[in-house]
C-alpha cells in the first residue's frame, strides 16, 4: 500500500502518510478477476452492438439474391438462346465459339419469356391522372338588375321632360310680358307721332324713327327670351344623353358577366 500523494509505502493501519501527512484512503483492492470479467463483458457488448447492423445487412443481401429468378434448364435441340442476365437472343449459336457459362437453351418464341421482377430499389412512377378543367359558365343575367337600369333611364327622361315643361311655361310667360311691353312702347311712339302731326302710316325717314325703335326693341326682347330658353333646353338634352350613355355602359358591362 502506498501514499497517493507522495508514493511513500504505508501499512494498512496508517491513517495519514508519515512523510507528507496526506490522509490515507484505505480502499480494499478489488479482485483482479472481477475487474477483468467486467471489462470483458463491456467489450463484448460493444462488439455485439457493432456487429448487429452488419449481420442485418448481410441477411438482406442474401434475401435479395435469393429472390432473383434462376436460369431455366437447357432444352436439347432448340435453336433459341438466352443470357441469364440479358434479354432473349434468337438465332443458332455459333459452333466455332465455346459455349458461354451464362448462356442456356430455351424453347422457341411460342413459349412465354420468364417473369423478371422489377429491380430492387427501382423508382416506380404511378400514372398521372389528367383532369380536364371545366369551362367557366356565366350565370344568367338578372332581369331585376336590367329593369333597375331601365328604371334609371326613365327617371332621367322624366326629370328632363319635367324641367323642359317648366321652362316652357316660364318662356311663354316672359314672351307675353315682353309682347305687352313692346306693344305699349309702339303705341306710345304712334301717339307721339300723331300729336306731332305725323301720320305713322305714311311717314318715312326721321319722322318714323320712334316707331321703328319701339318695334325693334320688342323684337329683340322676344328673341333674347327665346334664345335663353333654347340654350337651357339644349343643355338639359345633352345632360340627359350623358346620363343615358352612362347607364347603357353599366348595362353593357353587366351583360359581359352573365348570359
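The values are calculated or read from the model by the stated rules, or taken from the named source; none is laboratory data. This one's a predicted model, so the numbers in the text were calculated from it and none came from an experiment. Note: ideal-geometry Cβ built from the backbone for every residue, glycine included; neighbour counts use all protein chains shown.
Among the numbered criteria (1) surrounded by fewer than 15 Cβ atoms within 10 Å (Cβ to Cβ); (2) assigned to a helix (DSSP H, G or I), which one does residue 258 miss?
(2)
Take residue 232 and decide whether it is over 30 Å from residue 170 (Cβ atoms), touching a helix residue (DSSP H, G or I) at 6+ places or on another chain (Cβ under 9 Å) and modelled with pLDDT of 85 or more.
No: the conditions fail for residue 232.
In segment 204-221, which residue that is assigned to a helix (DSSP H, G or I) and farther than 14 Å from residue 185 by Cβ is modelled with the lowest pLDDT?
Looking at residues that are assigned to a helix (DSSP H, G or I) and farther than 14 Å from residue 185 by Cβ, I get 205.
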